1. To the nearest 0.05, what FRET efficiency results for residue 119 and residue 71 with a Förster distance of 35 Å applied to their C-beta separation?
2. What distance in nm separates the simple spin-label points at residue 15 and residue 79, each placed 7 Å from Cα in the Cβ direction?
3. Once Rh is set to the Kirkwood radius over Cα pairs, what Stokes-Einstein translational diffusion coefficient, in µm²/s, holds for region 9-138 at a temperature of 10 °C and a viscosity of 1.306 mPa s?
4. Please find the FRET efficiency linking residue 97 to residue 46, where r is the Cβ-Cβ separation and R0 is fixed at 30 Å, and quote it to the nearest 0.05.
5. Given the Cα-Cα distance of residue 23 and residue 130 and 0.36 nm per residue of separation, how much length would full extension add, in nm?
6. Can you tell me the length gained on complete extension of the stretch residue 56 to residue 33, counting 0.36 nm per residue apart and subtracting the Cα distance?
7. Sorted from fewest to most neighbouring beta carbons within 10 Å, what does the list 36, 8 look like?
8. Give the Debye-formula value of log10 I(q)/I(0) at each listed q (0.13, 0.15, 0.22, 0.27 Å⁻¹), with one equal scatterer per alpha carbon of region 34-99, two decimals each.
């Protein structure tokens, strides 16, 4: 994810151990993209609104969400993102412990790019992060108009 214009990533995760595992996986995979971490859906929504309102350079293009969080869970946040014209094109991955088919169904109905389980915080977790990195490197976007241009 580190080629060309930097892809800013928002990690929405309330478990500090999972945040450390995420950062460790980034380090092992030599992913140097800017990463902003918030603790729940409410903080994420406030952060995203500020980024898009101010057309900031560090506006994330990629969001990685947990589902089970206090105040506003990942699915509720994803629903708000998809309902907002400014944010609806954000690429969102779910990285969660929930293996519930209803959660999977709800996430895919909200156009999540992928649903991954945090079943193994070791090599399995690293593979999940590598999948996100590979996805970002392979897909093509239109030159203009897909993500907010902060310049």
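Please treat every number below as a calculation from the coordinates, not as lab data. None of these values were measured; they are calculated from a predicted model. Note: ideal-geometry Cβ built from the backbone for every residue, glycine included; neighbour counts use all protein chains shown.
1. Approximately 0.90, to the nearest 0.05.
2. Taking the simple label geometry, residue 15 and residue 79 are separated by 2.4 nm.
3. After rounding, the answer is 108 µm²/s.
4. Rounded to the nearest 0.05, the efficiency is 0.75.
5. Length difference between fully extended and current span is 37.3 nm.
6. 6.7 nm
7. Final ranking by Cβ density, sparse to dense: 36, 8.
8. After summing over all Cα pairs, the log10 values are -0.31, -0.42, -0.93, -1.39.
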